[in-house]
Amino acid sequence: MPWFAPIVWDGTFDITILDEQFRNTTIGLTVFAVKKYVVFLQVFLETAEQYFMVGHRVIYYVFTDRPVDVPTVALRPGWQIVVLQAQSYPRWQDVSMGRMEMISELCKGRLLGEVQYLVCLDVDMKFRDYVGVEILSPLFGTLHRGFYTAKRQSFTYKRRPQSQAFIPEDEGDFYYTGGIFGGLVPEVRQLTANCHQAMLADRDQDIEAVWHDESYLNKYLLYHKPTKVLFPRVPLG
Ligand code: GAL
């Protein structure tokens, strides 16, 4: 069943109109730099400063277990970095999945009133070009770059019926990446709380979904359709 969410990539929008529409919007960006992943922060933040939400106001929420290692990066006027204590688990799978709980707690607490939209990103990425308000929507997901031409049968959904993340072979719209999603704060709160609860329920049964939080995100977005879908930008040439 189509649900008419726009699929967005370069050339599908007029940034001048959108910049005006989102003029008084403050955007939160969550990123997790736990254990050795702290090394990615410098480039992540520096390139975000260059390319992310230029002309708008951003608050970075950096979750880390190593606050002293958070680099000092020159921020644009009015921009802010909030460093928050992240839970560090021995297994990277738990670090990855734990993000859902920490984001949902953040959405319940200080975020309310501080930002309108939240963008949740992986830290081991860098910006290579402008990413602006064209990505914002009440609930947005991003097509995984490995699967946007693939048939749904080959999507790496969780296929075990006992799992909360289970998606049968004949269901599924897209395969979304766990590394880029977001939306309005109440929507992100619902998404992350729901995924966290699903992960807890699976853990009680000794089940862990094949791609961790990404599997639960895919399940959530199947039944709570995103209002915008971001297309993975493929470098030319
Ligand atoms: C890989 C990626 C993983 C996961 C997987 C899904 O390319 O590295 O993080 O997204 O695809 O099949």
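The values are calculated or read from the model by the stated rules, or taken from the named source; none is laboratory data. Computed from a predicted structure; not experimentally measured. Neighbour counts are summed over all protein chains in view; Cβ atoms, including those assigned to glycine, are modelled from backbone coordinates with ideal geometry. For the accessible areas, the whole protein counts, side chains as well, though only heavy atoms, and no ligand, DNA or RNA atoms are used. Shrake-Rupley method; radii C 1.70, N 1.55, O 1.52, S 1.80 Å.
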Review point. Counting only protein heavy atoms and using a 1.4 Å probe, what share of the accessible area of the range 4-102 belongs to carbon plus sulfur, as a whole percent?
Key: 56
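Between GLU105 and ARG203, what is 0.36 nm times their sequence separation minus the Cα-Cα distance? Round to one decimal in nm. Intermediate values should be presented prior to the final figure.
On the way: separation 98, 0.36 × 98 = 35.28 nm, distance 1.96 nm.
Between GLU105 and ARG203, full extension yields 33.3 nm more.
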Point to revise | Interatomic Cα distance distribution for the chain, bins of 5 angstrom, percent | key: 1, 6, 14, 18, 20, 18, 12, 7, 3, 1, 0
Review point. What nm value, rounded to one decimal, do you get for the distance between GLN116 and ARG23 when each label is placed 7 Å out toward the C-beta?
Key: 1.2
Revision key, fill the gap. Between the modelled labels at ARG159 and ARG233 (7 Å from Cα along Cα→Cβ) the distance in nm is 3.4
Exercise for review: Once you have a ≥ b ≥ c as the square roots of the Cα gyration tensor eigenvalues for the range 133-189, tell me rounded if a/c is under 1.5, and otherwise prolate or oblate according to whether a/b is larger than b/c.
Suggested key: oblate
Check your understanding: Given 0.36 nm per residue, what is the gain on full extension from ASP94 to THR12 after removing their alpha carbon distance, in nm?
Key -> 25.8 nm
Practice item. Based on the mean of other Cβ atoms within 10 Å per residue, sort peptides 69-77, 39-47 so the most packed one is first. Key: 39-47, 69-77
Practice item. Would you list, by chain and number, the lysines whose Cα falls below 29 Å from the Cα of LYS151, excluding same-chain residues fewer than 8 positions away? Key: LYS126, LYS219, LYS225, LYS228
**Study point:** Kirkwood Rh, Cα atoms: Rg over Rh of the range 31-149
**Key:** 0.94
Study note, to complete from the structure: Residue-normalised value, i.e. accessible area per residue, for the range 13-113 at 1.4 Å probe, in Å², stands at 50
